[in-house]
Amino acid sequence: MGALDFAEGAVVHVNAGLAALAAAILVGRHRGYSMVPMIPHNLTYIVLSTALLWFG
């Protein structure tokens, strides 16, 4: 691919991501998990959180 990785950061992050994926597959779904989506219950927190994510 031609990417230069001087500090071996990509190797660490790829290994951590694959380990997390393997752990998630191994653990599986939560028991009692329902497919009913949660409705937003506090619009003020949603707007505030979105603004903090967008504008820092």
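Kindly establish whether residue 21 is part of a loop (DSSP other than H, G, I, E, B) and either without any contact (Cβ under 8 Å) to a residue 40 or more places away in the chain or surrounded by 10 or more Cβ atoms within 10 Å (Cβ to Cβ) (or both). Lay out the reasoning, then the answer.
Working: part of a loop (DSSP other than H, G, I, E, B): no; either without any contact (Cβ under 8 Å) to a residue 40 or more places away in the chain or surrounded by 10 or more Cβ atoms within 10 Å (Cβ to Cβ) (or both): yes.
So residue 21 does not fit the description; no.
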Handout entry: Options 16, 10, 22, 3; residue that is over 19 Å from the mean Cα position of the chain (by Cα) and of a type in the set (Gly, Ala, Ser)
Key = 3
Completion exercise
So, first residue free of Cβ contacts under 8 Å to residues at least 40 places away in the same chain and surrounded by 10 or more Cβ atoms within 10 Å (Cβ to Cβ) in the stretch 31-56, second residue acidic (Asp, Glu) and not in a helix (DSSP H, G or I), Cβ within less than 8 Å, six or more apart or across chains; the pairs are none
Practice task
Provide a single number: the residues in the stretch 25-53 that are within 19 Å of the chain's Cα centre (by Cα) and of a type in the set (S, T, N, Q).
Solution key: 2
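Values in this text are rule-based calculations from the coordinates and carry no lab data. Quick caveat: nothing in here was measured; it's all calculated off a predicted structure. Neighbour counts run over all protein chains shown; Cβ positions are idealised from the backbone, glycine included.
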